[in-house]
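Notes follow once the structure below has been shown.
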Amino acid sequence: MHFEEESSKRPLVEVFGDEPEAKPGRDAGSGLAFKVAPGQIIISQGDEARYVYRVVRGCLRSCVYTEDGHRRIVSFCGAGSIVGLSLRQGSQWPVSIEAVTNCLLQAAPRTSIDKAIVTSPAIMRDTLAVLREEAWARNKHLVMMGIMPATDRVYAFLEVFAGQRGHDRFVALPISRRDIADYLGLSMETVSRSFTALREAGRIELRGSAKFRLLEEAHDGLGFATSSQAA
């Protein structure tokens, strides 16, 4: 899960061309900018991995669907995310990519990314940094799923989502309780009860279902709330 407020200065963004805010849907440098609506599918499982995507604005989810129709959300990608960088040219997408909110995206051909990595040391270093961030996020998610009780999973999710926005302000949460449940491996009812438990324990403050504020700092190096704080 990756949410970043500012990414326009990182070298890898150069491959996608200029900021597309003024001309969405038109060619922007080597990348194509386009808008998608909530629920729209950008990539389906099994599609050829021809492009790498940058989230300029909005939030995406990557999902896996089983044959019997069950869904598991693998990650969320907010503004600043680079999506699909780890896939090889000619490989297939192992997940579906869908829009959670209204999004503005840029797509760059994978061949352009590969050429830029070879010719630019700065872009190569930035690519490695993105891949390390992805690996760190996957490991964190495994820890979250493997050892945390439900209430701490939800708190850890909110903490990562809040990111550098800080613990002293309300943060808009555009992700539904159902999506959070499918990401954390919980039922929607358990997620709802966890929000209530966190509020009653004084760990979060809520404004309706769409805004929250964290009321305690992280207590370990991963940014997780410890299991001893479970409500």
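Checking each residue in the range 94-115 for being within 30 Å of ALA210 (Cβ to Cβ) and either crowded, with 19+ Cβ neighbours inside 10 Å or not hydroxyl-bearing (Ser, Thr, Tyr) (or both) picks out VAL95, SER96, ILE97, GLU98, ALA99, VAL100, ASN102, CYS103, LEU104, LEU105, GLN106, ALA107. Looking at the range 155-172, can you tell me whether even one residue there is over 18 Å from the mean Cα position of the chain (by Cα), closer than 27 Å to SER86 by Cα and of a type in the set (Lys, Arg)? Within the range 155-172, none of the residues are over 18 Å from the mean Cα position of the chain (by Cα), closer than 27 Å to SER86 by Cα and of a type in the set (Lys, Arg). Please indicate, with yes or no, whether at least one residue in the range 147-158 is over 23 Å from SER209 (Cα atoms), surrounded by 14 or more Cβ atoms within 10 Å (Cβ to Cβ) and in contact with a helix residue (DSSP H, G or I) (Cβ under 6 Å, 6 or more places away or on another chain). There is no residue in the range 147-158 that is over 23 Å from SER209 (Cα atoms), surrounded by 14 or more Cβ atoms within 10 Å (Cβ to Cβ) and in contact with a helix residue (DSSP H, G or I) (Cβ under 6 Å, 6 or more places away or on another chain).
Against the list (1) at pLDDT below 90; (2) within 26 Å of ARG71 (Cβ to Cβ); (3) surrounded by 14 or more Cβ atoms within 10 Å (Cβ to Cβ), the condition LEU142 fails is (3). The combined condition, being outside any helix (DSSP H, G or I) and either modelled with pLDDT of 95 or more or charged (D, E, K, R) (or both), is not fulfilled by ARG125. The condition of being at pLDDT 90 or above, loosely packed, with under 14 Cβ neighbours inside 10 Å and not in a strand (DSSP E or B) holds for GLU189. Among the basic types (Lys, Arg) and surrounded by 17 or more Cβ atoms within 10 Å (Cβ to Cβ): does that describe ARG88? In short, no.
The values are calculated or read from the model by the stated rules, or taken from the named source; none is laboratory data. A quick note: this is a predicted structure, and the numbers were derived from the prediction, not measured. Cβ atoms come from the backbone with ideal geometry, glycine included; neighbour counts cover every protein chain shown.
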